[in-house]
Amino acid sequence: MMEVLRAQFGESERAEPAEIRALQRVQIGLLAAHAHAHSAFWRARLDTAGFDTESPNGGWFEALPILTRSEAKAAGEALFANPAPPSHGKIDRMKTSGSTGTPLEIAKTDLAQVFWYAITLRDSLWHRRNLQGKLAAIRVGTARATHAGWSPAYAGYANGPCVTFDAREDIDAQLDWLLAEQPDVLLTHASNLHALACRSIERGCRLHRLNEARSFSERLAPDLRERVREAWNVPLTDMYSANEVGYIALQCPESGLYHVQSEDVMIEIVDAEGRPCAPGETGRVVATSLHNFAMPLIRYDLGDHATAGGPCPCGRTLPTLERILGRTRNMLKLPGGGTAWPGFPMNTLMRLDAVRELRMIQHTLEEIEVELVLARPLSHADEAALADAVRTRLGHPFRIRLTPVARIARSQGGKMEDFECRVI
Ligand SMILES: [Zn+2]
């Protein structure tokens, strides 16, 4: 199936944009009909927008209000469309904090996962990676391990190995591990990559086999590319994805623009009034996930901002984004003198459904403030459980201060730092 998709991608990435848009509209019609039939939440929303089951490709789409993350969280299970078509496979559930710090539970079908794998493969083929090299992946909550292959996405290809490490470990421990492993490709959170590159420069470390650094799902620091080049003399490749919708855009190997993955997601960049942005303008990123029928997301505001791009000189006709202004997360400073990527206690946050949004601020080496937007006050037991979960996730017995707030401040452009370190 994935090989079929890969072959189709080879054609669709150079197809007429109007042709792709027409195919997307047909798929959105199928998705909306399914959502209308199996989710009361979506039925009400689609009816209000004038959705007609007899002509599902009609003009209702533009009339459908944009769905915010807090609306999605408030809807909870009502957002899911049960049952998903049996041919779409089994359903997995997972939790995510997304771009705005609002915890959300999501459901995903096997079919959506197949698209994830196919786009994973496309990314490596675009960038002509040596799939037999060693991939080092440093993610939060990933145990130290060695795997034979990089991912199931490369089934049928000679591939691997992949070594993994936890991004919550101290930066020096991460760097020591990288020095021992000497990978060909390094993949990690953008902020963690920045910290690794800076520390590597300070220590004069050599990753002599490394030929590419890859980052994901965070706003890139303006000097990240330069630091990576200075540290290891390798290029940086970024990708844009979100747990709720999968891949959104891959970086073009020729121009560096981000190509929207239109075969699996339809992206609108809209201004404050919801009007489409022209190339060069920055607006909110609104996604419609085309194949995940278990949790339909139609015109869903990801909480990120991006700058719309124009045509790409590479010849691929997939729409482009110039840059992505997503979530940023500072590094945690450990009392022992190290730094680490801060994990969030998602399981506890999912259980505490009163928590709409949160941000953590590290004030000192021993104290973390957790700002909370609450639907209702937390009980003392819930407060204690949340403080414990934060300490466990951050890996140190910090003093935790919980502060309910009416809203969490965002900087210009709407971006939010969901973990801010104020320790100088
Ligand atoms: Zn391109």
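The values are calculated or read from the model by the stated rules, or taken from the named source; none is laboratory data. Remember, predicted model here, so these are calculated numbers, not experimental data. A quick note on method: Cβ atoms are made from the backbone with ideal geometry, for glycine too, and the neighbour counts reach across all protein chains shown.
At-a-glance table
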| quantity | calculated |
| --- | --- |
| Asp47 being without any contact (Cβ under 8 Å) to a residue 40 or more places away in the chain, touching a helix residue (DSSP H, G or I) at 6+ places or on another chain (Cβ under 9 Å) and part of a strand (DSSP E or B) | no |
| Test for Asp264: is it surrounded by 21 or more Cβ atoms within 10 Å (Cβ to Cβ) and within 30 Å of Ser39 (Cα to Cα) | yes |
| Positions within segment 343-372 being of a type in the set (Val, Ile, Thr) and within 15 Å of Glu417 (Cα to Cα), in sequence order | Ile361, Ile368, Val370 |
| Segment 222-274, residues that are farther than 30 Å from Ile106 by Cα and among the charged types (D, E, K, R) | Asp223, Arg225, Glu226, Arg227, Arg229, Glu230, Glu254 |
| Count of residues meeting criterion [assigned to a loop (DSSP other than H, G, I, E, B), within 27 Å of the chain's Cα centre (by Cα) and surrounded by 15 or more Cβ atoms within 10 Å (Cβ to Cβ)] in segment 364-395 | 1 |
| Test for Thr146: is it out of contact with any Asp or Glu (no Cβ under 8 Å at 6 or more places or on another chain), in a strand (DSSP E or B) and at pLDDT 95 or above | yes |
| In segment 242-256, residue nearest to Val185 (Cα to Cα) [restricted to those that are away from the ligand (no atom under 14 Å from the Cβ) and crowded, with 19+ Cβ neighbours inside 10 Å] | Tyr247 |
| Residue check for Thr320: farther than 30 Å from Arg391 by Cα and either outside the structural domain of Glu19 (by TED's automatic domain parsing) or within 16 Å of the ligand (Cβ to nearest atom) (or both) | yes |
| Long-range neighbours under 7 Å by Cβ, at least six apart or interchain, first residue farther than 12 Å from Leu302 by Cβ within segment 244-259, second within 9 Å of the ligand (Cβ to nearest atom) and β-branched (Val, Ile, Thr) | Leu257/Thr320; Tyr258/Thr320; His259/Thr320 |
| Selected residue [away from the ligand (no atom under 13 Å from the Cβ) and among the hydrophobic types (A, V, I, L, M, F, W, C)] from Val260, Val285 | Val285 |
| Test: Gly343 is away from the ligand (no atom under 16 Å from the Cβ), small (Gly, Ala, Ser) and not assigned by TED's automatic domain parsing to the domain that holds Leu111 | yes |
| Hits in segment 263-282 - residues which are under 27 Å from Arg129 (Cβ atoms), in contact with a helix residue (DSSP H, G or I) (Cβ under 6 Å, 6 or more places away or on another chain) and away from the ligand (no atom under 16 Å from the Cβ) | Asp264 |
| Residue within segment 198-217 that is surrounded by fewer than 22 Cβ atoms within 10 Å (Cβ to Cβ), at pLDDT 95 or above, within 16 Å of the ligand (Cβ to nearest atom) and not acidic (Asp, Glu) present | no |
| Total residues in segment 291-317, condition part of a loop (DSSP other than H, G, I, E, B) and within 16 Å of the ligand (Cβ to nearest atom) | 9 |
| Residue identified as under 24 Å from Asp353 (Cα atoms) and either of a type in the set (Ser, Thr, Tyr) or not assigned by TED's automatic domain parsing to the domain that holds Ser262 (or both) among Ser70, Ser55, Ser124 | Ser70 |
